[in-house]
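Asks: Would you mind keeping the following structure in view while I ask a few things?
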Amino acid sequence: MRTVLVIAGTDSSGGAGLARDVATLARLGVEAQCAVTAVTAQTDREVTAVELLPPALVQAQIHAALATRRVAAIKIGMLGARAIVEAVAEAIPPRARLPLVLDPVLSATSGGVLLETEGRTALVALLLPRATILTPNIPEAAALLAATPATSAAEIIGQGRALCARGAAAVLMKGGHASGERATDWLVTAEGGVHELSAPRLAAGRRGTGCALASAIAAGLAADMTLEVACRRAKEHVTGLLRESA
């Protein structure tokens with residue numbers, strides 16, 4: 001069985017974070033190893049407490065996971081602070097050795113900042129150039145670029161290209177925050193490719209869909225799928241989760 005190393009924070013509600021990552025990987029037949037970056041106390045309405053782990057401990061977890069068994073892909077979620085971003089960047093292998101799915105967790109759906117400004121700057125400088133694929137939603141992409149949120153397909157694709165220009169091999173611009181009858185994501189690659197991934201927009205909402213999407217992509221890459229196929233299967237998986245919540 002293939003293994004994905006997940007580097008992320010916990011969510012006491014179980015709706016997002018490591019709990020959602022591990023559940024997603026298990027559902028797709030992939031084992032998970034975990035490096036915990038932070039412990040959060042959350043409900044569906046708010047974040048009530050956040051405790052970041054020492055960067056050296058985060059690094060030690062990554063080294064131990066990589067030494068335990070062969071890892072086929074890495075998925076990064078919540079990091080919390082610049083020091084942890086730096087520690088993770090030092091500990092992970094280059095993307096030429098292991099595909100890296102970077103989910104830029106900047107704030108919680110229920111409210112609360114999960115990566116401060118200096119951490120965001122470090123993520124762009126140190127981890128974005130290591131990413132096989134970055135998976136931002138529209139507000140996250142704008143925040144990473146210090147731009148206003150995109151409001152059209154052309155602007156969304158343009159911001160995806162701008163993030164590729166900062167080093168990501170590909171960017172999946174998630175369209176969940178847009179409007180319209182279709183929920184459309186745009187896969188933009190550094191080589192200039194653009195692929196449209198569309199599904200019916202469902203009225204249901206569910207926390208942790210960003211975590212699930214990124215983990216599902218990592219599962220696909222671990223199984224040697226192409227990036228486009230891994231992204232399409234991941235979107236189908238998340239659409240299924242939303243249908244279950246409807």
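The values are calculated or read from the model by the stated rules, or taken from the named source; none is laboratory data. Worth saying up front: this structure is predicted, and the values here are computed from it rather than measured. Neighbour counts are summed over all protein chains in view; Cβ atoms, including those assigned to glycine, are modelled from backbone coordinates with ideal geometry. We work out accessible area using only protein heavy atoms, side chains counted, and drop any ligands, DNA or RNA first. Shrake-Rupley method; radii C 1.70, N 1.55, O 1.52, S 1.80 Å.
Asks: Quick one: which of GLY210, GLY205, GLY176 is at pLDDT below 95, in contact with a strand residue (DSSP E or B) (Cβ under 8 Å, 6 or more places away or on another chain), open to solvent by 50 Å² or more (accessible area, probe 1.4 Å) and not in a strand (DSSP E or B)?
Replies: After applying the criteria, what remains is GLY176.
Asks: Could you check region 52-155 for helices (runs of 4 or more DSSP H) lying wholly inside it with 1 or more residues that are in contact (Cβ under 8 Å) with a residue 40 or more places away in the chain and open to solvent by 10 Å² or more (accessible area, probe 1.4 Å)?
Replies: 55-68, 82-91, 138-145
Asks: Right, GLU228: touching a residue at least 40 places away in the same chain (Cβ under 8 Å), open to solvent by 10 Å² or more (accessible area, probe 1.4 Å) and of a type in the set (Asp, Glu) or not? Explain how you work it out, then say what you get.
Replies: Details: touching a residue at least 40 places away in the same chain (Cβ under 8 Å): yes; open to solvent by 10 Å² or more (accessible area, probe 1.4 Å): yes; of a type in the set (Asp, Glu): yes.
So GLU228 passes the test.
Asks: Among (1) over 14 Å from ALA218 (Cβ atoms); (2) open to solvent by 20 Å² or more (accessible area, probe 1.4 Å), which single condition is THR40 missing?
Replies: Unmet for THR40, out of (1) over 14 Å from ALA218 (Cβ atoms); (2) open to solvent by 20 Å² or more (accessible area, probe 1.4 Å): (2).
Asks: For region 1-37, give me each residue that is surrounded by 16 or more Cβ atoms within 10 Å (Cβ to Cβ), at pLDDT below 90 and in contact with a strand residue (DSSP E or B) (Cβ under 7 Å, 6 or more places away or on another chain).
Replies: SER13 - this is the single residue of region 1-37 that is surrounded by 16 or more Cβ atoms within 10 Å (Cβ to Cβ), at pLDDT below 90 and in contact with a strand residue (DSSP E or B) (Cβ under 7 Å, 6 or more places away or on another chain).
Asks: Here's a follow-up. Could you list, in sequence order, all residues of region 163-173 that are open to solvent by 30 Å² or more (accessible area, probe 1.4 Å) and part of a helix (DSSP H, G or I)?
Replies: Correct list: ALA165 only.
Asks: From the list THR43, THR24, THR68, pick out the single residue that is within 17 Å of the chain's Cα centre (by Cα) and hydroxyl-bearing (Ser, Thr, Tyr). Explain how you work it out, then say what you get.
Replies: Values: THR43 fails: within 17 Å of the chain's Cα centre (by Cα); THR68 fails: within 17 Å of the chain's Cα centre (by Cα).
Answer to the check: THR24.
Asks: Among the numbered criteria (1) at pLDDT 95 or above; (2) open to solvent by 30 Å² or more (accessible area, probe 1.4 Å); (3) not aromatic (Phe, Trp, Tyr), which one does ALA216 miss?
Replies: Every listed condition holds for ALA216 apart from (2).
Asks: Taking the criterion of being in contact (Cβ under 8 Å) with a residue 24 or more places away in the chain, closer than 30 Å to CYS34 by Cα and of a type in the set (Ser, Thr, Tyr), would at least one residue in region 169-184 satisfy it?
Replies: There is no residue in region 169-184 that is in contact (Cβ under 8 Å) with a residue 24 or more places away in the chain, closer than 30 Å to CYS34 by Cα and of a type in the set (Ser, Thr, Tyr).
Asks: Please count how many residues of region 124-146 are over 13 Å from ILE74 (Cα atoms), under 13 Å from the mean Cα position of the chain (by Cα) and not β-branched (Val, Ile, Thr).
Replies: 5
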